[in-house]
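Encoded as structure tokens, the structure appears first; notes follow it.
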């Protein structure tokens, strides 16, 4: 439930519009999700070995620390706190506000309560930094309230958080399954089938095709698929969060690898099925200013809410409201899973003397990392006001991939340096599948650095800034230990 609940947020219902605009091909839309699915499952199968070897609170932070050294573990935790986990929490919270706007139109990214600054575009060579609105609008205010509420609830014990997780995950998996089944049974639209299939499915999908990714820049098919991974990989991310809570999982050597494999497999199958339904119900192409849902198509669904547009097309206004409600449940459960698990990493770092000392304290009654939950909450709320959903998404995925690559490299390192360590589970397809993952992820990161520089380069800078912080923190921790011993 934690794997599926953390993965399924709002992305599957939104990002297909952006992917469709980038790839301009029904086959490549499915291809973008298939690539993300393959990479996610391979990574999960690889992480299963590490999780079974080291079933401790902190998960990926611990794996990097043990395989590559404490600096790499710290850089992951540092980036997780500044960008990856808190940025994802903020992005899911903003998406929650976006879909609440279906019921209450006053909740919108354009309804400002306090507009602090329009950051102008700043050009640095190929990079364009800034170009965002900073402040509080009704949409990100909803996001802030959601983050605060769930952070406080999770103080009251892991069982409370797990109960919320189980209920909301069951609801959203049912919603995705329902979308797929209803789409097959009742949703097929003759116009969509004619334009997306019937000889058109493979259009613009040849390896020699050229794709416009904006600003008059044309790239090949493999490159545009890599660019499109921002959306699909983001929507499939956070499956690794279950490893953060390993210290509170029963029989983790068995249950962690099993949950990683089953959870990612089920979610990826549902994601690909839902995108086929999108193509069966709505044409890929459309016009941004069109009056009807069919004429807007997948590319220009209102506010990119493809899931809502599909249900509205099938069942009218009631269908759209039903889907928006299901997505709200989905985003709520996703945010809960992210908040519950992320706090365990900063807690593990603080115990190692590599984060604020107070963050290592547990709540006296509920034995939860309460201080860690509050610190995470404050930073996630600040990120909610810092930029749009799409900007946060771009910012996150590059840093995520960097550390996935390093962690899977760590799998190879540990096979060599600790050959006799107990391995209750061994990675399926080792060494071929993990090596393929590393090559694919490196290609995507290089492409993102080149073609989406405004948030990938700052993400890389955040990682690098952690190096002097690590040495300052470890020196301080060493001094404190020496004085305590003296």
Margin query: Whether any residue in the range 117-124 is surrounded by fewer than 14 Cβ atoms within 10 Å (Cβ to Cβ) and in contact (Cβ under 8 Å) with a residue 12 or more places away in the chain is what I want to check.
Written below: yes
Check: Which condition number does residue 190 fail, the rest of (1) surrounded by fewer than 13 Cβ atoms within 10 Å (Cβ to Cβ); (2) modelled with pLDDT under 90 being met?
Finding: (2)
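Answer yes or no as to whether residue 294 is out of contact with any strand residue (DSSP E or B) (no Cβ under 7 Å at 6 or more places or on another chain) and within 27 Å of residue 200 (Cα to Cα).
Numbers: out of contact with any strand residue (DSSP E or B) (no Cβ under 7 Å at 6 or more places or on another chain): yes; within 27 Å of residue 200 (Cα to Cα): yes.
In short, yes.
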Note to self: With the structure loaded, tell me whether residue 448 is assigned to a loop (DSSP other than H, G, I, E, B), modelled with pLDDT under 95, touching a helix residue (DSSP H, G or I) at 6+ places or on another chain (Cβ under 7 Å) and crowded, with 20+ Cβ neighbours inside 10 Å or whether it fails that test.
What the structure shows: no
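When you check residue 149 against the structure, is it out of contact with any strand residue (DSSP E or B) (no Cβ under 9 Å at 6 or more places or on another chain), closer than 30 Å to residue 369 by Cβ and free of Cβ contacts under 8 Å to residues at least 60 places away in the same chain, yes or no?
Taking the combined requirement at face value, the residue satisfies it.
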Next item on the list: For residue 438, work out the one condition from (1) surrounded by 14 or more Cβ atoms within 10 Å (Cβ to Cβ); (2) outside any loop (DSSP other than H, G, I, E, B); (3) touching a residue at least 40 places away in the same chain (Cβ under 8 Å) it doesn't fulfil.
Entry: (3)
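The values are calculated or read from the model by the stated rules, or taken from the named source; none is laboratory data. Computed from a predicted structure; not experimentally measured. Backbone-built Cβ (ideal geometry, glycine too); neighbour counts: all protein chains shown.
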